[in-house]
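Engineer: Okay, handing you the structure first.
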Amino acid sequence: MAIRKEQRITYEEWQAMDFGENARSELIDGLIYMMSSPSRRHQAISGNIFGQLFNHLSGKKCKAFFSPFAVRLEDDTEVQPDLVVICDPKKLTPSGCTGAPDLVIEILSPSTSRHDRYTKFMLYMKAGVPEYWIVDPEDNAVTICRLTETGYLTTVHTDTDTATVNALPGFEMNLSAVFAEE
């Protein structure tokens with residue numbers, strides 16, 4: 001589970017804090033959430049997803065990015081999703097992105113599962129992220145959340161499926177390749 005400081009602070013106060021050389025944190029609604037280092041499997045899955053996105057997006061307007069990559073959603077909220085796709089170049093900043101990416105992907109780990117499934121689910125829905133993928137390495141499954149007028153509509157895909165991204169017409173992600181052991 002993510003560690004957080006209970007006192008709400010401003011974005012500027014958070015930016016001025018020194019967490020140490022390798023420490024990573026997110027600010028969500030003024031609360032600090034410390035992030036642990038990802039596992040080797042987490043990194044392998046992230047690389048497998050990024051590879052498919054990068055190959056598809058080569059020469060196209062949309063761009064894929066991987067963590068650490070800052071996504072500022074509100075005045076007191078900046079997160080570092082595992083992967084994002086951004087199709088509006090005006091949202092890109094020198095340090096990341098301002099506004100909702102077209103696709104956000106979070107890869108679960110034991111320490112972040114609840115945070116990603118609930119806190120970030122609600123955060124991304126509120127921020128208007130059109131598509132949010134929750135990748136579960138333990139079950140080799142991907143929960144795809146697509147934004148509708150009433151909230152996220154979710155579907156679950158397994159490692160035998162392919163999955164599409166609404167913002168990327170013609171793209172199909174091979175989920176067996178996502179979960180392939182190195």
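The values are calculated or read from the model by the stated rules, or taken from the named source; none is laboratory data. Keep in mind that what you see is a predicted model, and the values were worked out from it rather than measured. Here Cβ is always computed from backbone atoms with ideal geometry, including for glycine, and neighbour counts include all displayed protein chains.
Engineer: Take region 28-66 and flag every residue that is touching a Leu at 6+ places or on another chain (Cβ under 8 Å) and free of Cβ contacts under 8 Å to residues at least 24 places away in the same chain.
Structural biologist: Residues satisfying the conditions are A64, F66.
Engineer: Next up: Of the residues Y152, Y124, which is modelled with pLDDT of 95 or more, outside any strand (DSSP E or B) and surrounded by 15 or more Cβ atoms within 10 Å (Cβ to Cβ)?
Structural biologist: Answer to the check: Y124.
Engineer: Considering region 1-35 alone, what residues qualify as being at pLDDT below 85, part of a loop (DSSP other than H, G, I, E, B) and surrounded by 12 or more Cβ atoms within 10 Å (Cβ to Cβ)?
Structural biologist: Once the filter is applied, which keeps residues that are at pLDDT below 85, part of a loop (DSSP other than H, G, I, E, B) and surrounded by 12 or more Cβ atoms within 10 Å (Cβ to Cβ), region 1-35 yields A2, I9, T10, M17, F19, A23.
Engineer: Moving to a separate point now. Determine, yes or no, whether F179 is over 22 Å from V79 (Cβ atoms), surrounded by 13 or more Cβ atoms within 10 Å (Cβ to Cβ) and in contact (Cβ under 8 Å) with a residue 24 or more places away in the chain.
Structural biologist: Yes; evaluated as a whole, the condition is true for this residue.
Engineer: Looking at V104, V85, which one is under 12 Å from the mean Cα position of the chain (by Cα), surrounded by 24 or more Cβ atoms within 10 Å (Cβ to Cβ) and touching a residue at least 24 places away in the same chain (Cβ under 8 Å)?
Structural biologist: Selected residue: V104, the only one of V104, V85 that is under 12 Å from the mean Cα position of the chain (by Cα), surrounded by 24 or more Cβ atoms within 10 Å (Cβ to Cβ) and touching a residue at least 24 places away in the same chain (Cβ under 8 Å).
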